[in-house]
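Encoded as structure tokens, the structure appears first; notes follow it.
The values are calculated or read from the model by the stated rules, or taken from the named source; none is laboratory data. As the structure is a computational prediction, the values presented were derived from the model and not from experiment. Quick reminder, even Gly has a Cβ in these numbers, built from the backbone with ideal geometry, and neighbours come from all protein chains shown.
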Amino acid sequence: MRIVLLGAPGSGKGTQGEKLVAKLGIPKISTGDALRAAVAAGTELGLLAKAAMNAGKLVANEIVIGIVEERLEQADAKPGFILDGFPRNTEQAKVLDAMLLRHGQPAIDKAVHLQVEDEEIIRRLHLRAIKEGRHDDKEDVIRHRIEVYNAETHPLLAYYEAQHKLVTVQGVGSLDEIFERILGAIG
Ligand code: B4P
């Protein structure tokens, strides 16, 4: 199965993605995790990504597309995968569809939208800032990330709706309740 997880920052894509990995036995590909690892390792790619991430902006399409393409070519991703945080704009979504076609892989099966109100997102990311100290979980940066989500990522709901692949799940409640909703929605 090939699943895209969509949702605002802090909507729980990473959290629920981990549960899907355990349940479905397919890998999760998180562009956020890959970029944070590159920043921590101080690679050239990390240096390019760092400023955009800390400002709550999207990292350049070429960089994230390169990360995803390299990862999708690995053997463990052939039977299926969960994409967490990619695509984040229409250009990335179109490139993903073309990439799967080019690699002879089946298309995306479902795009799961985790719906969470802004107030709850801000509350969660504040808590995470205290616990994990992520540079992009500061108040003004959180607000900017929500703006970027609304402007660039939200249009993907219509993109996947047009392909009859969109399922929307309420992302508020216990982790297990949300997970059950996701499993019900993907069938
Ligand atoms: P990401 O790493 O994707 O960050 P995120 O959107 O904040 O995380 P997510 O929605 O996965 O939330 P999580 O489960 O952790 O991106 C970071 C940055 O990388 C972007 O701003 C951008 O700069 C760059 N980037 C990444 N992908 C890119 C792309 N494709 N193109 C361009 N740039 C890209 O949950 C958040 C918190 O909520 C956690 O603390 C969790 O414990 C808590 N939580 C989760 N579910 C909960 C629940 N049900 N109730 C209460 N709390 C919950």
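Does residue 114 fit the bill of being in contact with a helix residue (DSSP H, G or I) (Cβ under 9 Å, 6 or more places away or on another chain) and modelled with pLDDT of 95 or more? Against the criterion (in contact with a helix residue (DSSP H, G or I) (Cβ under 9 Å, 6 or more places away or on another chain) and modelled with pLDDT of 95 or more), residue 114 qualifies. Looking across 28, 57, one residue alone is near the ligand (Cβ under 8 Å from one of its atoms) and basic (Lys, Arg). It is 57.
I'd like to check something: does the range 165-179 contain any residue that is out of contact with any strand residue (DSSP E or B) (no Cβ under 6 Å at 6 or more places or on another chain) and more than 12 Å from the ligand (Cβ to nearest atom)? No, the range 165-179 contains no residue that is out of contact with any strand residue (DSSP E or B) (no Cβ under 6 Å at 6 or more places or on another chain) and more than 12 Å from the ligand (Cβ to nearest atom). Just a yes or no: is a residue in the range 116-132 within 25 Å of residue 68 (Cα to Cα) and outside any helix (DSSP H, G or I)? The answer is no; no qualifying residue exists. Taking every residue in the range 88-111 that is modelled with pLDDT of 95 or more and pairing it with any residue that is away from the ligand (no atom under 16 Å from the Cβ) and among the β-branched types (Val, Ile, Thr), at least 6 positions away or on another chain, the pairs with Cβ-Cβ distances below 8 Å are 109/186; 110/167; 110/186; 111/167. The residue of the range 44-54 that is farthest from residue 135 (Cα to Cα), among those that are among the aliphatic types (A, V, I, L, M) and either assigned by TED's automatic domain parsing to the domain that holds residue 146 or within 11 Å of the ligand (Cβ to nearest atom) (or both), is 49.
The criterion of being touching a Pro at 6+ places or on another chain (Cβ under 9 Å) and closer than 27 Å to residue 39 by Cβ does not hold for residue 92. Residues of the range 113-128 that are out of contact with any strand residue (DSSP E or B) (no Cβ under 8 Å at 6 or more places or on another chain) and near the ligand (Cβ under 9 Å from one of its atoms): 120, 121, 123, 124, 125, 127, 128.
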